[in-house]
Amino acid sequence: MNDLERDLRKVLDEDARRIPTPISAPEGLRRSVRRRQALFGGLVGLSALAIVAGIVAGATTLLPVGSSRPGGGGPTTTGTLNGITITYPQAWSLIDPDEAGLNGSSMMAESPLPRIMLALAPTDPGAMFGCPGQAGGAATFLMTVQEQPLALEGPSSEPWPVELGPMNVGASESGCYPDWDFLRAEWTASGRTFEARVGLSPDASEDEHDALLSAFGSMTFSRSGRGVTAAVLGDGIAGGEPWTLFAQRTEGGLSLSLESETIGTGTSLVSPATSELQPASTVLGQGSNRQLVAFGAIPTDVVRVEATASDGSVVPAEVFDIPDELDPDSNAWALVAPPGRVVVRGYDSSGQVVARGTAGSSQPPPSVDTALEDGRHFGYVRAVDADAGTIEFDLAYWLSGKEADRAYQEATGNTGHVPNDYFVVNDNPMLRTLALAPDLRLRLLDWNHCCETFFDGDLALFGQAVGQQTDVSDGDLIYRGQSQWWITVEDGVVTEIEEQYSP
Amino acid sequence: MSQDTGIVRTVVADRTDLEDLYVRHMPGAVRVASLITGDADLAQDIAHDAFLRSVGRFRHLRQPEAFEAYLRRAVVNACTSHFRRRTVEAAFLRGQARRAAPVDEPDHGRRDELRAALSALPPRQRAAVVLRYYADLSEQQAGEALGCSAAAVRSMVARAMETLRERIPRSEDT
């Protein structure tokens, strides 16, 4: 290390020590985070490791120290937790997730499910329960049972008893659960839907394995005193991506939310539903596979819902019954349509339109013409053919100010301002092949002098970056493969490509 | 398994321990933001907002263990975005350079000059330097935080160091 580097580290360390830093979370944190977490409520797709990690962390405080590792045999005992009764070897520990602090407290009051209801683990002599892989093989299995929103249909609605099936969570790469096997099952019993996840280390004995399966099969369930608070209404696929529609009873009334793997939840707060539909929507999928999912609540006198999509097609919606315990006056609907604005209509049993609403982006529908009129256009360069002198261009819309806020709120279900003051709408999946002018000017951001300075780029390197979807360096200059662009079209050909800065 | 991993996973699973997560990661986030912006108050705001955003988007993370890196990237983005929006950046930086100079350590003339020179670097170069020499990140990790390649980080740091060498005297001269 040279003098400058050493001094630099000293200066930075000195300055860092002077910086006042928070020593506790501010009062508003829970409220702020809760507001954001409402957007991704549900959390059905948790990894088994996530739950098990929490369980074992909690188990450290619960399990007795000094006892030997139990086998699966010996006397059994029966315990009940959260309406689940289970019989298991006496030497094992039945863990109350609430006492172990695994379910949180105040935050769960608003969103009670999913919620871990019990955990079962072997006792262990002072081992590192937080990470069984480093505990010398002492922790050999873990089981958790989590209550989910009530499933009205689908695999989770299967009645108890059910069998555990294999579950692939990629544990081979885990330092804490090396080569553990995981099993999973989901079922509905006594008006409640559950999911069990079991982790078994390679060191688990056959006795333990058998006893664990026996304990799993011994479970019985009683109805919840709180009644139904959340339910899975239905699911589907849009843009190649599965989605699930949830209903939940909250203090404010009925809440509908849509969950998928890659998109946050849109939430529609409705209580009770009225003839003025207020749908939520989101776009799933990538590129030309993108599809809009719109959903919302309707009064119970609406028996059929359909929408007119941006391309003029009429799309029927699926109507879902919402359990009366959640909301006796509302049902729900969901539909999948091409990206863009949809006009939604609800019909009563006589065929009269009794409810209306709109959803989706307010941007104009995609043009059927692949050419672009002269002018400046925003979008993404998806491919470059330097030899042919063409690019594939994905037209999008760069919005700012109130327009951006509105589009952001429509697309995400969030309220408030869009982060970073801009929002990109790219509902049109069409790729346009555009000819490049021989004297094309390629203006790329100089990221070393960000963000007002440009340099004239080389088309071949630009094409390489775009093709590889990564950064390509040319000395100090950086060609970004994943960026956003403004193109200038004159007389039908692209005369300039300019990079758009985005934080 | 790191302790962070356990906490992060528990947050995802149970929506709790947010305060722990906050306390664990916020001091570092505030320090990085402060060293990049040169403004402790602004750094608090940036880090807090970045934390909320990171938690709010947690579900999109394919690797929950990456929370710290994700938060760091959000902080760096917010810092550089802040500077991008400044229309009087040069004046601002001059002001920050003055503010950043400590008044209670008269025997650190070279370091004071270094502070001033550091504050005058372009934001992304300064961020790269902070991530490499304060946060001790590898070029690859710094690149992830900055949204660029490791080579680009190397380039930015090299340019920054070149600038710093030009602007401050060598230690043997002092």
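All of the numbers you see were taken from the coordinates with simple rules; none came from a lab. Keep in mind that what you see is a predicted model, and the values were worked out from it rather than measured. Reconstructed Cβ throughout: ideal geometry from the backbone, glycine too, with neighbour counts over all protein chains shown.
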Point to revise | Förster radius 60 Å - calculated FRET efficiency between A:Val353 and A:Asp374, Cβ distance, rounded to 0.05 | key: 0.90
Check your understanding: Of the listed peptides B:154-161, B:122-129, what is their order by residue-averaged count of other C-beta atoms within 10 Å, with the highest listed first?
Key -> B:122-129, B:154-161
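Which semi-axis lengths, in whole Å and largest first, follow from the square roots of five times the eigenvalues of the Cα gyration tensor of region A:206-255? Please list the in-between numbers first.
On the way: eigenvalues 224, 95, 10 Å².
Value: 34, 22, 7 Å, ordered largest first.
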Exercise for review: Would you mind computing, in nm to one decimal, how far apart the modelled labels at B:Asp49 and B:Ala150 are, each placed 7 Å from Cα along Cα→Cβ?
Suggested key: 3.3
Review point. Considering amide H positions built from the backbone, and no H for Pro or chain starts, which residues 5 or more places from A:Ala383, or on another chain, come under 5 Å of its amide H?
Key: A:Glu392
Practice item. Could you pull out every residue, at least 5 positions away or on a different chain, whose amide H is within less than 5 Å of the one on A:Gly457? Hs are placed 1.01 Å off N in the peptide plane, and Pro or chain starts have none. Key: A:Leu442, A:Arg443, A:Leu444
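For a test of the definition: using alpha carbon positions, the gyration tensor, and the 1.5 limit on a/c, classify region A:284-329 as rounded, prolate or oblate.
Numbers: a/c = 4.26, a/b = 1.90, b/c = 2.24.
Judged from the Cα gyration tensor, region A:284-329 comes out oblate (a/c at least 1.5, b/c at or above a/b).
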Revision key, fill the gap. With label points set 7 Å from each Cα along the Cα-to-Cβ direction at A:Ile19 and B:Glu162, the distance between them in nm comes to 2.8
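Using a Förster distance of 22 angstrom, determine the FRET efficiency expected from the C-beta separation of A:Ala435 and A:Gln500, and round it to 0.05. It would help to have the intermediate numbers written out before the result.
Numbers: r = 22 Å, r/R0 = 0.98.
E between A:Ala435 and A:Gln500, to the nearest 0.05, is 0.50.
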Practice item. For region A:403-503, run through the chymotrypsin sites (Phe, Trp or Tyr not before Pro) and keep only the ones in DSSP coil with at most 16 other Cβ atoms within 10 Å of their Cβ. Key: A:Tyr501
Exercise for review: Mark the label point 7 Å from the Cα of B:Ala120 along Cα→Cβ and return the residues of region B:137-163 whose backbone N is within less than 15 Å of it.
Suggested key: B:160-163
Review point. If you take the square roots of the eigenvalues of the alpha-carbon gyration tensor of region A:194-233 and sort them as a ≥ b ≥ c, do you get rounded (a/c under 1.5), prolate (a/b over b/c) or oblate?
Key: prolate
Exercise for review: Please give the length that would be gained between A:Ile237 and A:Arg6 if that part of the chain were fully extended, namely 0.36 nm times their separation in residues minus their C-alpha to C-alpha distance (nm, one decimal).
Suggested key: 77.6 nm
Exercise for review: Output the antiparallel fraction of DSSP beta bridges having both residues in region A:211-256, as a percent to the nearest 5.
Suggested key: 100
